[in-house]
Amino acid sequence: MGTVSILAALDLHDGHVTARVERRHRSREFIRLLKDLDAHYPDECAIRILLDNHSAHISRETRAYLATRPNRFIYVHTPKHGSWLNIIETLFGKMARTFLRHIRVRSIEELIQRILLGIAEINAAPVVHRWKKFDGLLAPADSA
């Protein structure tokens, strides 16, 4: 059957998830997510993104796109040993434990639709995540 990649961004202010389900996770798929974010937020806003050092995030193609939108995206990279700092990983874990657990699908298209439906349900009742300082690091606090 195959696998898919979920590329997502979680707005820490309102809990909204912007997501794409792609067959691959290359620069062009990541740039499509950046374009979705660009379209979602007002032009005067800078979009701060906490992300890991995946090659698609820092590739020549991605940097070329970012150059077309100067000061629009501000990258904050997690340390290589600190992927747990990226709260989107928590969301992916929640998805795996809830609507993706033990599912059976007949096709990649059905899998994509199930994931997008689950994300729509998350957006229907978004959770705002609060962070607190913990031993010099930021860590998730209890969610509201």
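Each value in this text was obtained by applying a stated rule to the coordinates, not by laboratory testing. Everything numeric in this text was worked out from a predicted model, so none of it was measured. Cβ coordinates were reconstructed from backbone atoms using ideal geometry, including for glycine residues, and neighbour counts include every protein chain displayed.
What pairs come out if I take residues in the range 102-113 that are surrounded by 14 or more Cβ atoms within 10 Å (Cβ to Cβ) and pair them with residues that are of a type in the set (Ser, Thr, Tyr) whose C-beta lies under 9 Å away, six or more apart or interchain?
ILE108/THR3; LEU111/THR3
Scan the range 41-60 residue by residue and report those that are out of contact with any Phe, Trp or Tyr (no Cβ under 9 Å at 6 or more places or on another chain), of a type in the set (D, E, K, R) and either surrounded by 13 or more Cβ atoms within 10 Å (Cβ to Cβ) or not in a helix (DSSP H, G or I) (or both).
ASP43, GLU44, ASP52
Here is a yes/no grid of residues against (1) in contact (Cβ under 8 Å) with a residue 24 or more places away in the chain; (2) not hydrophobic (A, V, I, L, M, F, W, C):
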{"residue": "HIS25", "(1), (2)": "yes, yes"}
{"residue": "PRO42", "(1), (2)": "no, yes"}
{"residue": "ALA46", "(1), (2)": "yes, no"}
{"residue": "HIS57", "(1), (2)": "yes, yes"}
{"residue": "GLU61", "(1), (2)": "yes, yes"}
{"residue": "TYR65", "(1), (2)": "yes, yes"}
{"residue": "HIS77", "(1), (2)": "yes, yes"}
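Find the residue count for the range 1-25, including only residues that are surrounded by fewer than 16 Cβ atoms within 10 Å (Cβ to Cβ) and charged (D, E, K, R).
3
Which one of these does LEU91 not meet: (1) part of a helix (DSSP H, G or I); (2) loosely packed, with under 14 Cβ neighbours inside 10 Å; (3) in contact (Cβ under 8 Å) with a residue 40 or more places away in the chain?
(2)
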